[in-house]
Amino acid sequence: MSLFKLGLIINPIAGIGGSVALKGSDGEGIADKAKLLGAQAKANDRAKLALEILLPYQENIEIYTANALMGEDIARTLGFKVKVVYQAPSLDTTSQDTEDTVTALLAEDIDLLLFAGGDGTARNVCHMVGDTFPVLGVPAGCKIHSGVYAVTPKAAGRVVEMMVTNQLVTLTEADVMDIDESLFRQGIVKAKRFGEMKVPCELRYIQAVKSGGKESDELVLQDIAADVINQMDEQLFIIGSGSTTAYLMAELALENTLLGVDLVQQQRLLANDVTEPQLWQYLQDNSATNVKLVITLIGGQGHIFGRGNQQLSPRVIKAIGKENIIIIATKTKLSALQSRPLIADTGDSDVDNLLAGFMTVTTGYHDQVLYPVASPQ
């Protein structure tokens with residue numbers, strides 16, 4: 001089992017005003033007023049309930065977090081390996097501390113950002129990540145209107161457990177909502193949508209592609225192809241080898257090299273069966289941000305690199321960047337791996353390690369799962 005890099009943020013004052021009828025913790029002076037009224041912060045207790053679910057997997061988890069009550073204290077108390085990536089300048093933490101911690105965590109290439117708080121905390125996280133990175137909320141505030149939170153702290157722990165144990169976890173987009181607490185204190189509930197974030201949830205099969213409880217391969221492949229085609233615009237798309245990518249090319253009505261690499265731009269064929277030097281030259285002519293690589297699983301062991309696609313060399317992969325790699329596969333194909341990770345065997349240990357961790361796999365139209373990628377042992 002590969003090491004899981006869990007980002008953790010706790011808003012220490014989340015929900016502190018609830019027990020003393022202050023309807024939350026947002027607003028200047030509210031937290032201090034709540035403390036004067038005898039309120040006690042519960043966010044760390046709520047985060048602890050989630051983290052305790054993960055105790056059997058401690059050796060396979062490293063927690064990246066901020067100092068003191070923002071995550072370090074509870075993680076160390078429970079015995080996890082901890083790396084502090086942000087030092088809050090004061091124990092009286094602010095929303096800026098939350099946002100600065102998010103920035104520091106994303107720089108560490110974490111696999112998931114777990115945060116404990118309420119809707120205000122979700123807004124802070126959303127402000128920094130948008131819908132670009134998987135997050136999961138541990139409910140710890142008075143207001144939990146956002147869909148990015150698990151139903152309970154333990155439920156959040158169970159979802160992370162699924163990821164740590166390499167189970168298929170679907171990514172879904174959920175709304176970030178919040179209400180105006182000043183109006184709420186006057187008895188007026190006024191909710192507003194502030195954005196959406198990607199959230200892991202338990203495996204779900206899309207109803208439109210089910211057949212007797214199982215995936216219909218033809219329909220699923222159509223959905224996967226439609227999702228990728230929907231993304232094709234000015235960017236250069238490098239299409240890797242394999243039957244799943246071949247189906248994509250068939251949907252585009254383009255000639256395909258089953259065991260080779262093809263180039264597509266604006267849904268038109270640029271080149272068939274390119275060599276590594278040719279591919280490298282195309283990359284020199286296109287900025288890295290303007291290139292996408294579409295690959296699937298090659299071979300029965302779950303290889304995404306190093307089996308049948310050597311044209312995708314370490315320097316090519318590094319130039320493209322992990323964030324520009326689109327992995328496509330049916331859930332049936334992933335399930336056949338029986339929780340074994342995908343393998344990146346590029347021949348360059350630095351690139352293999354760069355790819356290691358959880359990556360998004362497109363499994364249908366607007367349907368994705370998070371799946372672990374490991375370097376060869």
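Quick look at the numbers
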quantity: Residue within region 152-173 that is among the small types (Gly, Ala, Ser), surrounded by 21 or more Cβ atoms within 10 Å (Cβ to Cβ) and modelled with pLDDT of 80 or more present; calculated: yes
quantity: Failed criterion for Asp367 (all others in (1) surrounded by 14 or more Cβ atoms within 10 Å (Cβ to Cβ); (2) at pLDDT 90 or above hold); calculated: (2)
quantity: Total residues in region 113-166, condition in contact with a His (Cβ under 6 Å, 6 or more places away or on another chain) and closer than 25 Å to Asn60 by Cα; calculated: 0
quantity: Test: Glu255 is modelled with pLDDT under 90 and of a type outside the set (Val, Ile, Thr); calculated: no
quantity: Those residues of region 309-346 which are assigned to a strand (DSSP E or B) and touching a Phe, Trp or Tyr at 6+ places or on another chain (Cβ under 7 Å), in sequence order; calculated: Leu342, Ala344
quantity: Flag for Arg193 being under 25 Å from the mean Cα position of the chain (by Cα) and at pLDDT below 75; calculated: no
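The values are calculated or read from the model by the stated rules, or taken from the named source; none is laboratory data. Model, not experiment: these values are computed from the prediction. Positions of Cβ are generated from backbone atoms using ideal geometry, with glycine treated the same way; all protein chains shown enter the neighbour counts.
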